[in-house]
Amino acid sequence: MALGNPYQAYQQNSVTTASPGDLTLMLYNGCLKFITLAKKAIQEDNIQEKNTNLIKAQKIIQELMVTLNMDVGVSKDLMSLYDYLNRRLIEANLKSDLAILEEVEGFVTDFRNTWKEVVQLNRQKQFSQNGQA
């Protein structure tokens, strides 16, 4: 039996065993990665690579939109922001506009950093509750 790529196996395992909070963090990190790759492709005038990476970033934003719990009040605001970011990614792709990508990158970085804090606070809360039980 042939062994597959150990890195791919690790990645697959980390996704399948991640908490919902960690999965959201992975989505934000993936979006930032694809925006960075698209910016590099624009600078190198590689239209295909730019397009491929911006479509991947858009798909991540769309996934974040689909997974919002609309019963939570803040979700309506997030939906509007995600919709805006998705439209800006489309515009950046059409115009090969680095400034738009910088703007989107700033929003996604803020979302990621905030979400990272939420995940850490939630873990601390669970740990302290389990320690007192």
Of all residues being of a type in the set (G, A, S) and at pLDDT below 95 in the stretch 59-105, which is farthest from the chain's Cα centre (by Cα)? Just the residue, please.
G73
Of the conditions (1) at negative phi; (2) touching a helix residue (DSSP H, G or I) at 6+ places or on another chain (Cβ under 8 Å), S96 clears all except one; give me its number.
(1)
Which one is surrounded by the fewest Cβ atoms within 10 Å (Cβ to Cβ), of the residues in the stretch 56-99 that are free of Cβ contacts under 8 Å to residues at least 24 places away in the same chain and of a type in the set (S, T, Y)?
S80
Could you list, ordered by first residue, the pairs with Cβ atoms under 8 Å in which the first is in the stretch 113-130 and in contact (Cβ under 8 Å) with a residue 24 or more places away in the chain and the second is among the aromatic types (F, W, Y), at least 6 apart or interchain?
W115/Y28
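The values are calculated or read from the model by the stated rules, or taken from the named source; none is laboratory data. Keep in mind it's a predicted model, so treat the numbers as computed, not measured. All Cβ positions, even for glycine, are placed from backbone atoms using ideal geometry, and neighbour counts span all protein chains on display.
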